[in-house]
Amino acid sequence: MSIKVLAFAACITVANAALAQPTELEVDNAWAGATPGQAENGAAYVTITSPSADRLVSASTPAAKKAELHTMSMQGMVMKMRPVSGVDIPPGQAVTLKPGGEHIMLMGLNQPLREGQSFPLTLNFEKAGPRTVTVTVEKAGAKGPGPAAAQH
Amino acid sequence: MPRTPPTAQTRNSPPGGSRRFLLIAGVLAGLVILGTGAFLALALRDNPRGAAGTALASAIGGPFQLVDQNGKTVTDADLKGKWSLIYFGYTHCPDACPTALNDISIALSELGPKRDAVRPVFITVDPERDTPESLKAYVTSFDAPILALTGTAEQVAQAAKGYRVYYAKHPEAGGDYSMDHSSVIYVMDPEGRFTASFTHESAPEQISERLKKLIG
């Protein structure tokens, strides 16, 4: 890697660090995968940044009967999904919920999530209180938010 | 897989029988590794023919009788003639299963004319909720034409046993449940022999590159 590239990478890192210093808790990049067929469950993902330590404790949405905090883990080749009581948000450090890790499990969807749709999701934090974001629905099995989700 | 750890047995063995116990321990450990699939993917990564012609070719797979999304009976014999990409999962799974099926769809779209030589197969580990109808709606959401299979609890258990797939119901509050299950994509050749496997960490490009080499 050349020095120029390294310097460029360093600039980007510094710029990102500067951007990642919100004055209050922020929830960005809210997205969910489209649910295939009549699947009753879906999963939503967000990126959370907070200047002070906080904890995501619950979620709710009009799109589903229930929204729970879940984690998916691989033990060897075995996939396990379990509810978690909360997700810790360390100060100044972005926490990204993503496929293969923690997610907001949407249980009993009122209707299937179709690509391109959006719906509101309220996240409740121990200190910052509730935050409502717009979740953009991506392709089923997508691994991250598309450009539309990133705008919110 | 819930097998007794062989080490405890080895430690408690009398001095005279220790070699025999070590051997048993070794075999048991080997079986555990076989069940993971990851080891297989790594061991066979650089072999252009995969597991074909090795003892592993017959270690994964076996006879099954299930029913597809159109209500038609499908057995292991029906899979012959094409390459199969077999994944066990369930439709209430919000994360790993759509990801695996989407990865397979992307990988197949990169195969060009070889695409028709490969048949993706989704076998449910949740026959209680996954009927042929719900499977049909589920798999049509993906770009690739996926053969989706379900059956009675016993039929699914037999198929999973052959592929060394572990699954178990995990009850949740409110009467709902999730399924713990092995998340492995198996590649079977047109003769129905186990050839290679992919894990949740395999990118679609890796899957398509590997398939191109295997199909030849």
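Coordinate-derived values only; no laboratory data. Note that the coordinates shown come from a computational prediction; the quantities given were computed from them, not determined experimentally. All Cβ positions, even for glycine, are placed from backbone atoms using ideal geometry, and neighbour counts span all protein chains on display.
Summing +1 for each Lys or Arg and -1 for each Asp or Glu among the other residues whose beta-carbon sits under 15 angstrom from that of B:Val156 gives -3.
For a 18 Å ceiling on Cα separation, which of these pairs sit above it: A:Lys143/B:Lys82; B:Lys72/B:Lys136; A:Lys65/A:Lys127? As for pairs spanning more than 18 Å Cα to Cα, those are A:Lys143/B:Lys82; A:Lys65/A:Lys127.
Backbone amide hydrogens, once placed in the peptide plane, bring A:Lys66 within less than 5 Å of A:Met107, excluding anything fewer than 5 places away on its chain. For GluC sites (Glu not before Pro), the sites in segment B:130-182 that DSSP calls loop and that have at most 16 other Cβ atoms within 10 Å are B:Glu172. Maximal additional length on extending the B:Asn70-B:Ser58 stretch stands at 1.4 nm, based on 0.36 nm per residue less the C-alpha distance.
Mean sequence separation of contacting Cα pairs (under 8 Å, at least six apart), scaled by the length of segment A:22-144, corresponds to a relative contact order of 35 percent.
The alpha carbon convex hull volume per residue for segment B:38-215 rounds to 108 Å³.
In terms of surrounding Cβ atoms within a 10 Å radius of their Cβ, B:Ile207, A:Ile104 rank from fewest to most as B:Ile207, A:Ile104.
Computing Rg and the Kirkwood Rh from the Cα coordinates of segment A:20-152 gives a ratio, Rg/Rh, of 0.95. 3J(HN,Hα) along segment B:200-207, derived from phi through the Karplus expression 6.51 cos²θ - 1.76 cosθ + 1.60 where θ = phi - 60°, amounts to 5, 8, 6, 6, x, 5, 5, 5 Hz, with x in place of Gly and Pro. Of the trypsin sites (Lys or Arg not before Pro) found in segment A:88-152, the ones in coil according to DSSP and having at most 13 other Cβ atoms within 10 Å of their Cβ are A:Arg114, A:Lys127.
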